[in-house]
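Presented below is the structure to which this report refers.
Here, each number is a calculation from the coordinates, and none is a lab measurement. Bear in mind that the values here come from a model prediction, so they are computed numbers and not experimental data. Cβ: placed from backbone, ideal geometry, glycine included. Neighbour counts: every protein chain shown.
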Amino acid sequence: MTDRTAAERAPDSTINKIEQRKARVGIIGLGYVGLPLALLFTEQKFAVTGFDIDKRKVDTLAQGGSYIYRISSEEIKAANARGFSATSDYAHIEEMDAIIICVPTPLNQYHEPDLSYITDTTHAIAPHLRAGQLVVLESTTYPGTTEEVMVPILEKENKLGLKAARGDSSSQKEFFVAFSPEREDPGNTTVARRDIPKVVGGVNPRASQLAGALYGSIFHRIVPVSSPAAAEMTKLLENIYRCVNIALVNELKLLSLRMGIDIWEVIEAASTKPFGFHPFYPGPGLGGHCIPVDPFYLSWKAKEWDFRTRFIELAGEINVNMPYHVLASIGGALNQHKKSLNGSRVLILGVAYKKDIDDLRESPALTIIELLQHEGALVSYHDPYFPFIGKGRKYDLQMKRSELEKLGEYDCVVIVTDHSDYDYGRIVAEARLVVDTRNATKGLSSPKVVRC
Ligand SMILES: NC(=O)c1ccc[n+]([C@@H]2O[C@H](COP(=O)([O-])OP(=O)(O)OC[C@H]3O[C@@H](n4cnc5c(N)ncnc54)[C@H](O)[C@@H]3O)[C@@H](O)[C@H]2O)c1
């Protein structure tokens, strides 16, 4: 057996540490992705340190509290008891064996990728980097981010002259880098997080191996791919597939409405085909941090290659138009009651971007509220998850939740998000007019209901 160098042993020693649950895991960005991930590692008896620049989040966690609806404070307290802690101090990076980055990747005002959270985080990590550490990016982004953006910063700004491990070479002065996309489906309780296969692409095979060992301790199946770029592209393919198919059913819904065909009935019937068809459902517009945003990361990058991603652009055009379709439908429904949008009292039911979750990001409900207000409607809302809507990146509504009472006092009740908590029979019985964007009133036959 040949004598192996310290660097060759480095990932092996980390793999041993992982197997013995002695590896220290740092999770950067304790939001919807990072906090549940930190809890998964904690459950598997890893000592986890969470890093976040939001002091309120760090303090809440330190006090055993939670700021994410579906994570209870009991879970945080249990994690704290198992050694989980949160900090804003990047000096602790040095103590970590693996560092997983889960920071936001939004679009800027010109619909271009805003990588500032990734670059800020990378600048903050670099001075504390030490040999043998594994750095994994989980944030959704365009192919090339890990190797073209992150690695150069880490190499240039670390204090020990370390380089990212590449090819088969090994030295004592290297660290390991991989990309592994987050694939969570918020609110989906049918698949446990650990049952979602984890795609991993390392800069070199040893980085892949190390990242695979780390994630293999909390996920049942690891799917290795040949590079970070392939892993980055995998995530984008998944989201673009959703975005394009949702646009397709949205367009077919608009046509079906004109033709007097119920698109929901059609989708249900088509779904009985045992192969070659996967159902997607129309709605009031795209929402969430992923589907409305991620495809444009690829469109932007494609320009570097003189390439136009026409499917993405077309899907974007159709999906962005859906809130305007809802506005027109509300106007049309009120018109049937000899009322105008201007001055009508409208109650929006559900503002989360999809049912049964506490996430408002990019929600079409926000656009619909703004459009209605612009037309002079007097808008109220109800959502079990949001007592107040304040200021976001693109809106500043400052609205307080209305009670789900006296529905008959509104000129129109609009179902934008079909939360399971709502009693749709009661809503239809009490309201004067219901505009349903989600087929939530399926099976309820009433002249008061307008499906759009
Ligand atoms: N939410 C989802 O369902 C989901 C699913 C798949 C992928 N993603 C992707 O995962 C990434 C994270 O998304 P999220 O929903 O968790 O975002 P989030 O906004 O909920 O959380 C991000 C966290 O990062 C923190 N942060 C920002 N800059 C930081 C810095 N420099 N150092 C430390 N912390 C910092 C923020 O304070 C915040 O707590 C995004 O790229 C997103 O596209 C999200």
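Take a quick pass over region 5-114 and tell me how many lysine pairs come in under 22 angstrom between Cα atoms, counting only ones 8 or more apart or on separate chains.
The number of close lysine pairs in region 5-114 is 6.
Proximity of backbone amide H atoms, modeled 1.01 Å from N, is registered between Ala47 and Val25 at under 5 Å, excluding neighbours fewer than 5 places apart on the same chain. Ellipsoid fit via the Cα gyration tensor, region 318-383: semi-axes of 21, 13, 10 Å, each the root of five times an eigenvalue, largest first.
Taking all Cα-Cα distances within the chain, those exceeding 32 Å account for 45%. The 3J(HN,Hα) values that the Karplus relation (6.51, -1.76, 1.60; θ = phi - 60°) gives for region 72-78 are, in residue order, 7, 5, 4, 5, 5, 4, 5 Hz. Gly and Pro appear as x. Annotation: amide H-H contacts under 5 Å for Asp359 (H modelled 1.01 Å from N, sequence separation of 5 or more, or interchain): Tyr353, Lys354.
Once the chain from Arg221 to Arg56 is taken as fully extended at 0.36 nm per residue, the excess over their C-alpha distance is 55.9 nm. Residues whose amide H comes within less than 5 Å of that of Leu378, counting only those at least five positions distant or on another chain, are Gly343, Ser344, Arg345, Val346 (H built at 1.01 Å from N in the peptide plane). Scattering from the C-alpha atoms of region 179-330 alone, worked out with Debye: what is log10 I(q)/I(0) at q = 0.13, 0.15, 0.21 1/Å? Debye intensities relative to I(0), on a log10 scale: -0.76, -0.94, -1.30. Between Arg70 and Gln20, the C-beta separation translates, for a Förster distance of 35 Å, into a calculated FRET efficiency of about 0.65. Helix 34-43 and the longest principal axis of the Cα set of the chain meet at an angle near 60°. Short-range pairs are left out: with C-alpha atoms under 8 Å and at least six residues apart, the relative contact order of the chain is 10 percent.
Computed from Cα positions, the angle between helix 6-19 and the longest principal axis of the chain comes to roughly 50 degrees. Whole-Hz Karplus values for region 129-135 come out as 5, 10, 4, x, 6, 10, 10 Hz, taken residue by residue from phi with 6.51 cos²θ - 1.76 cosθ + 1.60 and θ = phi - 60°; glycine and proline positions read x. For the chain, a simple Cβ point-charge model (Lys and Arg +1, Asp and Glu -1, everything else neutral) yields a dipole of about 340 debye relative to the Cα centre.
Seen against the Cα atoms of the chain and their longest principal axis, helix 205-216 is set at about 60 degrees. Less than 12 Å Cβ to Cβ from Pro127, Lys/Arg counted +1 and Asp/Glu -1: what total charge do the surrounding residues give? My count for the surroundings of Pro127 gives +1.
When the P(r) is computed for region 258-385, the part past 19 Å accounts for 62% of the Cα-Cα pairs.
Protection proxy ranking of 318-328, 265-275, by the mean of other Cβ atoms within 10 Å over each peptide's residues and highest first, is 318-328, 265-275. Counting DSSP beta bridges with both partners in region 143-253, what percentage is antiparallel, nearest 5? Counting DSSP beta bridges with both partners in region 143-253, the antiparallel share is about 25 percent. Which whole-angstrom value gives the distance between the alpha carbon centres of region 167-201 and region 12-60? Going from one Cα centre to the other spans 14 Å.
For region 279-326, what class follows from the C-alpha gyration tensor (a ≥ b ≥ c being the square roots of its eigenvalues): rounded when a/c is under 1.5, otherwise prolate if a/b is larger than b/c, else oblate? Judged from the Cα gyration tensor, region 279-326 comes out prolate (a/c at least 1.5, a/b above b/c). Given R0 = 41 Å, the distance between the Cβ atoms of Tyr241 and Glu409 translates into a calculated FRET efficiency of 0.40.
Computed 3J(HN,Hα) for region 385-397, one whole-Hz value per residue from the Karplus formula 6.51 cos²θ - 1.76 cosθ + 1.60 where θ = phi - 60°, is 8, 10, x, 8, 10, x, 10, x, 5, 10, 9, 8, 8, glycine and proline marked x.
So for the chain: antiparallel DSSP bridges make up what percent, rounded to the nearest 5?
15
In terms of the Cα gyration tensor, with a ≥ b ≥ c the square roots of its eigenvalues, is region 325-452 rounded because a/c is under 1.5, prolate because a/b exceeds b/c, or oblate? Oblate, since a/c reaches 1.5 and b/c is not below a/b.
For the pair Thr189 and Trp300 in one chain, pulling the backbone fully straight at 0.36 nm per residue adds 36.6 nm over the alpha carbon distance.
For the pair Gln172 and Phe388, label points projected 7 Å from Cα toward Cβ lie 5.7 nm apart. Each residue, Ser445 and Ser402, gets one label point 7 Å from its Cα in the Cβ direction; the gap between the two is 3.0 nm.
When the chain is fully extended, how far beyond the present Cα-Cα distance does Phe311 get from Ala269, taking 0.36 nm per residue of separation?
Contour length minus the Cα-Cα distance gives 12.5 nm.
Shape call for region 90-229 from the C-alpha gyration tensor, a ≥ b ≥ c root eigenvalues: rounded (a/c under 1.5), prolate (a/b greater than b/c) or oblate?
Note, shape of region 90-229 comes out oblate.
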